Amino acid sequence: MAGHAQPVLALPGGLRLRPWRPEDAEALLAAGQDPDIRRWNLFTVADTEQARARIARMHERWRAETGAVWALARPDGPAAGLAGLNDVDLAGGGAELVYWLLPGARGAGLAVAAVRRLARWALDDLGLHRLRLRLCHSTANPASCRVAERAGFRYEGTQRSALLHADGWHDQHLHARVAGDPE
């Protein structure tokens, strides 16, 4: 990863996954203020300075080969969401897939398209063997369960009291996709 530029990945409808840019700080700030994103992703950003610092860390994680995070956007448009890989383990062939969408981008199948495309890139181009899709996927968040299933990630089980949210500990579903699984 570090020896290459982070690619731009095409999505249906003229959208794409592209690296985050400093001018995306306002979109990241809006995400950090959105109640649903904060609830399910444990994500906060207090101001544009923090947002720009977070974007810089995204690029550092790419160079360190520990993460790969993209903005979901139209060409030359503002970010409408995020899809990425956390806990990248190139030697072990695994990563955790994460995503969120701003309110205006929800309900149109964009999350499924972004998760499918990113999984294809991770398995085919990056050469990972296993992706574990953990989306702060509380069992109280059925929308994320539907995204995982529609994107070809199989349900593998429930992790009890796995993630601390603002309202307490949540059980969490684990979905996974491995090389060779159908989309």
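Derivation of every value follows stated rules applied to the coordinates shown; laboratory data play no part. None of these values were measured; they are calculated from a predicted model. Cβ placement follows ideal geometry from the backbone for every residue including glycine, while neighbour counts extend to all protein chains displayed.
To one decimal place, what Kirkwood hydrodynamic radius in Å is obtained for segment 26-65 from all pairs of distinct Cα atoms? Spell out each step's value before the answer.
Values: mean 1/r = 0.0951 Å⁻¹.
Result for segment 26-65, one decimal place: 10.5 Å.
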Cα-only radius of gyration and Dmax that characterise the chain, units Å:
15.4, 42
Among trypsin sites (Lys or Arg not before Pro) in segment 58-125, those in a DSSP loop whose Cβ has at most 16 other Cβ atoms within 10 Å are R106
Evaluate the distance, in nm, between pseudo-label points positioned 7 Å from the Cα of R106 and of R39 along their respective Cα→Cβ axes.
0.8 nm
What spacing in nm lies between the two simple spin-label points modelled at A46 and R146, each 7 Å away from Cα in the Cβ direction?
3.6 nm
Quick calc, segment 42-103, dipole around Cα centre from Cβ unit charges on Lys, Arg (+) and Asp, Glu (-), nearest 20 debye, gives 160 debye
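Taking 0.36 nm per intervening residue step and subtracting the Cα-Cα distance, what contour gain separates R74 from D181 on full extension?
On the way: separation 107, 0.36 × 107 = 38.52 nm, distance 2.90 nm.
Full extension of this stretch gives 35.6 nm more.
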Once Lys and Arg are counted +1 and Asp and Glu -1 for all other residues with Cβ under 15 Å from that of E65, the total becomes -2
Principal axis dimensions, largest first and in whole angstrom, of segment 62-138 by Cα
38, 31, 19
log10 I(q)/I(0) for segment 132-183, Debye formula on C-alpha points only (no solvent), q = 0.29 Å⁻¹, two decimals, reads -1.10
Could you check the simple spin-label distance between R57 and R21, using points 7 Å along Cα→Cβ, in nm with one decimal?
2.3 nm
Defining a contact as two alpha carbons under 8 Å apart and six or more residues distant in sequence, what relative contact order in percent does the chain show?
18 percent
Along principal axes, largest first, the alpha-carbon spread of segment 24-93 in whole Å comes out as 36, 29, 21
